[in-house]
Amino acid sequence: MENVNAVVDLGKYIGAGLACIGMGGAAVGIGHIGGNFLAGALRNPSAAAGQTAMLFISIAFAEAFGIFSFLVALLLMFAV
């Protein structure tokens, strides 16, 4: 019975680690969004002010996916 519990714990931790890949993806996504906004703002500074709201909405969506993957990892570790 000890081996079964150890395998279940191992599966929980592997699943939580795989779910945490989404947090890295969110960080890469936020960097990509910020870099592209900066590149566009440097090309056309007069249009940058009109695109700031879209920048924040995009960052919020990317961050929400990162938080969601963190929540899934916590649920796998502690709720299952």
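List of remarks:
- Every pair of residues 6+ apart whose Cβ atoms lie under 8 Å, when the first sits in the stretch 33-60 and is within 26 Å of Met23 (Cβ to Cβ) and among the hydroxyl-bearing types (Ser, Thr, Tyr) while the second is at pLDDT 90 or above and in a helix (DSSP H, G or I): Ser58/Ile33
- The stretch 51-76 - residue that is of a type in the set (Ser, Thr, Tyr) and surrounded by 13 or more Cβ atoms within 10 Å (Cβ to Cβ) and, of those, nearest to Tyr13 (Cα to Cα): Ser69
- Filter pass, Ala6 being farther than 30 Å from Leu75 by Cα and exposed (fewer than 13 other Cβ atoms within 10 Å of the Cβ): no
- Meets criteria (modelled with pLDDT of 90 or more and at negative phi) for Val80: no
- Candidates are the residues of the stretch 1-59 that are among the charged types (D, E, K, R) and at pLDDT 85 or above; the one that is nearest to the chain's Cα centre (by Cα) is Lys12.
- Of all residues in the stretch 9-22, none satisfies being of a type in the set (Phe, Trp, Tyr) and surrounded by 14 or more Cβ atoms within 10 Å (Cβ to Cβ).
- Scan of the stretch 61-78 for residues that are among the aliphatic types (A, V, I, L, M) and either under 18 Å from Gly29 (Cα atoms) or without any contact (Cβ under 8 Å) to a residue 12 or more places away in the chain (or both), ordered by number: Ala62, Ala64, Ile67, Leu71, Leu75
The values are calculated or read from the model by the stated rules, or taken from the named source; none is laboratory data. No experiment lies behind these values; they were computed from the predicted model shown. Heads up, the Cβs are rebuilt from the backbone with ideal geometry, glycines too, and the neighbour counts pull from every protein chain shown.
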